[in-house]
Amino acid sequence: MLTNDFNLDAKSISRLTSRGLSLKTLKGQLTEELELSIELWKAQGLHIIKYHGYYYFSTKFIPIEEAEFCIVDIETNGSKIEKHQIIELAAIKVKNGQIIDKFESLVHTQEINPHITKITGISANDTTNAPELKDVLMHFKLFLGDAIFVAHDVKFDYSFVSKSLQKIGLEPLLNRSLCSLALAERTIVSYRYALSYLDETLHLNPKARHHRAMSDVITTYGLFLLSLNNLNEHIKTVEDLIKFSKEAPRLKRPKFDPLLELKKEEKEQ
């Protein structure tokens with residue numbers, strides 16, 4: 001995701017997560033002064049530091065238990081950023097496994113497709129007194145800060161929020177991100193990895209109401225904690241975790257759906 005909105009090429013970004021990037025290479029790709037670029041990136045949620053003469057993402061050195069993870073979920077009135085918008089946004093900040101802060105808001109909109117209302121339970125009338133998108137996003141941006149952006153199938157949520165920020169005149173997100181679905185595929189054996197299925201099989205959220213933002217955030221939080229508990233002890237830093245979620249082998253899925261088997265046994269009793 002960084003390659004779309006970051007000034008550096010993919011190889012340099014990879015170096016920032018691992019061996020470090022030299023001053024010469026970094027400055028060679030910048031259109032602004034280095035100090036200014038670093039401050040601008042920080043304002044967009046990305047913290048770059050200098051260590052022993054090389055530059056790195058700060059997350060390379062931050063232990064998982066000391067990092068702030070922001071678990072996010074959005075509901076939208078369609079999937080196309082060009083003509084649709086966020087109608088609900090929720091997030092929690094998590095540090096050392098504990099929720100330290102919460103953010104939740106409906107977003108004012110003139111129209112919500114009946115199909116979306118059927119899925120989410122949110123109608124346009126529900127958003128009548130809700131704040132405008134610009135207000136919600138500006139407050140959320142402050143809430144997010146430079147935390148790691150976590151979501152289930154993170155690409156959609158991250159991209160939609162980032163492009164929504166651009167639509168209101170702000171810079172796109174550059175926060176490091178983590179996909180809870182990809183992480184679950186490498187830490188939890190399951191027949192499927194849809195959030196609703198995982199909740200039903202793992203009992204992550206006793207008050208789950210699927211396709212409502214805060215409910216899905218709490219469910220993802222339960223999944224995230226379970227994944228962290230199943231991690232290899234050699235995964236210590238945030239960048240270790242991100243790399244593991246992308247590159248580690250996925251666990252083998254069962255051939256048959258255990259949930260269907262359980263329901264079948266319950267009917268037979």
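From the list 151, 147, 194, 184, exactly one residue is modelled with pLDDT of 95 or more, surrounded by fewer than 18 Cβ atoms within 10 Å (Cβ to Cβ) and either of a type in the set (A, V, I, L, M, F, W, C) or outside the structural domain of residue 68 (by TED's automatic domain parsing) (or both). Which is it?
194
Please pick out the residue among 130, 147, 151, 124 that is of a type in the set (A, V, I, L, M, F, W, C) and in contact with a His (Cβ under 7 Å, 6 or more places away or on another chain).
From the options 130, 147, 151, 124, the qualifying one is 130.
Read through the list (1) out of contact with any Ser or Thr (no Cβ under 7 Å at 6 or more places or on another chain); (2) surrounded by 15 or more Cβ atoms within 10 Å (Cβ to Cβ); (3) touching a residue at least 60 places away in the same chain (Cβ under 8 Å), then give the number of the only condition that residue 226 fails.
Exception for residue 226: condition (3).
Out of 60, 95, 102, report the one residue that is of a type in the set (D, E, K, R), within 17 Å of residue 146 (Cα to Cα) and surrounded by 18 or more Cβ atoms within 10 Å (Cβ to Cβ).
Within the list 60, 95, 102, the selection yields 60.
Among (1) in contact with a Leu (Cβ under 8 Å, 6 or more places away or on another chain); (2) at positive phi, there is one condition residue 78 misses while meeting the rest; what is its number?
The one condition residue 78 does not meet is (1).
Out of the helices (runs of 4 or more DSSP H) lying entirely within the range 156-251, which hold 1 or more residues that are more than 25 Å from residue 66 (Cα to Cα) and under 17 Å from the mean Cα position of the chain (by Cα)?
195-202, 213-229
Working carefully through the options 253, 176, 209, find the one that is surrounded by fewer than 20 Cβ atoms within 10 Å (Cβ to Cβ) and in the same structural domain as residue 118 (by TED's automatic domain parsing).
Testing whether each residue is surrounded by fewer than 20 Cβ atoms within 10 Å (Cβ to Cβ) and in the same structural domain as residue 118 (by TED's automatic domain parsing) leaves just 209.
What number of residues in the range 125-155 are touching a helix residue (DSSP H, G or I) at 6+ places or on another chain (Cβ under 8 Å) and assigned to a helix (DSSP H, G or I)?
5
Taking residue 30 as meeting all but one of (1) in a loop (DSSP other than H, G, I, E, B); (2) hydrophobic (A, V, I, L, M, F, W, C); (3) without any contact (Cβ under 8 Å) to a residue 40 or more places away in the chain; (4) within 20 Å of residue 243 (Cβ to Cβ), write down the number of the exception.
(4)
Taking residue 134, is it among the charged types (D, E, K, R), more than 28 Å from residue 204 (Cβ to Cβ), at pLDDT 95 or above and within 19 Å of the chain's Cα centre (by Cα)?
No; evaluated as a whole, the condition is false for this residue.
Select from the range 9-33 the residues that are surrounded by 13 or more Cβ atoms within 10 Å (Cβ to Cβ) and aliphatic (A, V, I, L, M) and write down the one among them that is nearest to residue 239 (Cα to Cα).
Checked the range 9-33; the qualifying residue nearest to residue 239 (Cα to Cα) is 16.
Limited to the range 1-27, what total is found for residues that are at pLDDT 90 or above, closer than 12 Å to residue 57 by Cβ and part of a helix (DSSP H, G or I)?
Here the count works out to 6.
Just give me the residues in the range 114-124 being part of a helix (DSSP H, G or I) and among the aliphatic types (A, V, I, L, M), in sequence order.
If the condition is that a residue be part of a helix (DSSP H, G or I) and among the aliphatic types (A, V, I, L, M), then 116, 119, 124 are the ones that fit.
Between a residue in the range 41-60 that is in contact (Cβ under 8 Å) with a residue 60 or more places away in the chain and any residue that is among the polar types (S, T, N, Q) and assigned to a strand (DSSP E or B), which pairs come within a Cβ distance under 8 Å, given they are 6 or more apart or on different chains?
As it stands, the answer is 59/237; 60/237, since those pairs meet every condition given.
The values are calculated or read from the model by the stated rules, or taken from the named source; none is laboratory data. Keep in mind the model is a prediction, meaning the values are calculated, not measured. Using ideal geometry, Cβ is built from the backbone for each residue, glycine included, and neighbour counts are taken over all protein chains shown.
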